[in-house]
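Every number here is computed from the coordinates shown, using simple stated rules; none is lab data. As the structure is a prediction and not an experimental result, all values here were calculated from the model. Glycine also receives a Cβ, built like all others from the backbone with ideal geometry; neighbour counts cover every protein chain displayed.
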Amino acid sequence: MNQLLSAFGIDWHLLLINVINFGLLLLALWYFLYGPIVRTLEARRQKVAQSVIDADLAAERLAEIEASRADTLAAAGREADDVLSRARKAALEKERLQLAEGEAAAARIVAEAEAEGREAKARAIAESREEVARLVVLGAEKVIQERV
C-alpha cells in the first residue's frame, strides 16, 4: 500500500495530517457555524409558526367580534323599532286625548254661548216687555190727559 501511495506521489503522513486537519476544521465549523445557524433557523421557523397560529386566532377573534357586533346592531335596531313604535302609540294616544279635550272644551263653549244667548234673549224680551209696558202706561196717560 505504501508503494501504491508512493507511485502516485502521496505521502501518507501528510495525508493523515490533512485528514485530521480537515476533520478538526469540519468539527469546528459544525460546532461554531452550522449549530448556531440551525438553531437560528429553528427559532425563526417557530416564530413564523407561532405568527401563523396567532394570525388564525386573531382572524377567529375578529369573526367572533364581527358576529357579536352584528348581533348587537340587530338588537339595537329591534330596540329602536320598539321605542319608535311605543313613541308613535303614545303620540296617537296623546293626540286622541287632546282631541277629546278640545271637543269637550268646544262643546262647553257652545253650551255657554247658547246659555248666554238664551239669557240675552230673555233679558231682551224682559226689557222689551218693560219698554212696551212703559209705553202703554205713557200712552194711557196721554189718552187720559187728553180726555181730562
| field | Net charge of Cβ neighbours under 14 Å - reference Ile109; Lys, Arg +1; Asp, Glu -1 | value | -4
| query | What list of ³J(HN,Hα) values in whole Hz, one per residue of segment 26-41 in order, does the Karplus curve 6.51 cos²θ - 1.76 cosθ + 1.60 (θ = phi - 60°) give from phi, with Gly and Pro shown as x? | reply | 4, 5, 5, 5, 4, 6, 8, 10, 5, x, x, 5, 5, 5, 5, 5
| said: Over the Cα atoms of the chain, what radius of gyration and what Dmax do you get, in Å? | reply: 61.0, 202
| task | Could you size up the charge dipole of the chain around its Cα centre, putting +1 on the beta carbon of Lys and Arg and -1 on that of Asp and Glu, and report it in debye to the nearest 20? | result | 220
| message | Could you check the spin-label model distance between Val83 and Val143? Points 7 Å from the Cα along Cα→Cβ, value in nm. | response | 8.8
| message | Within 15 Å, Cβ to Cβ, of Gln46, how many net charges do the neighbouring residues add up to if Lys/Arg are +1 and Asp/Glu are -1? | response | +2
| request: Let me know the whole percent of all Cα-Cα pairs from segment 87-148 that are separated by more than 14 Å. | output: 74
| field | the chain - mean residue ellipticity at 222 nm from DSSP helices (-39,500 (n - 2.57) per run, n ≥ 4, rounded to 500) | value | -34500 deg cm²/dmol
| Which one of Leu26, Ala100, Val132 is farthest out on the positive end of the charge dipole of the chain, using unit charges on Cβ (Lys, Arg +1; Asp, Glu -1) and the Cα centre as origin? | Leu26
| note | In whole Hz, the Karplus estimates of ³J(HN,Hα) for segment 118-131 (6.51, -1.76, 1.60; θ = phi - 60°; x where Gly or Pro) are 5, 5, 5, 5, 5, 5, 5, 5, 5, 5, 5, 5, 4, 5
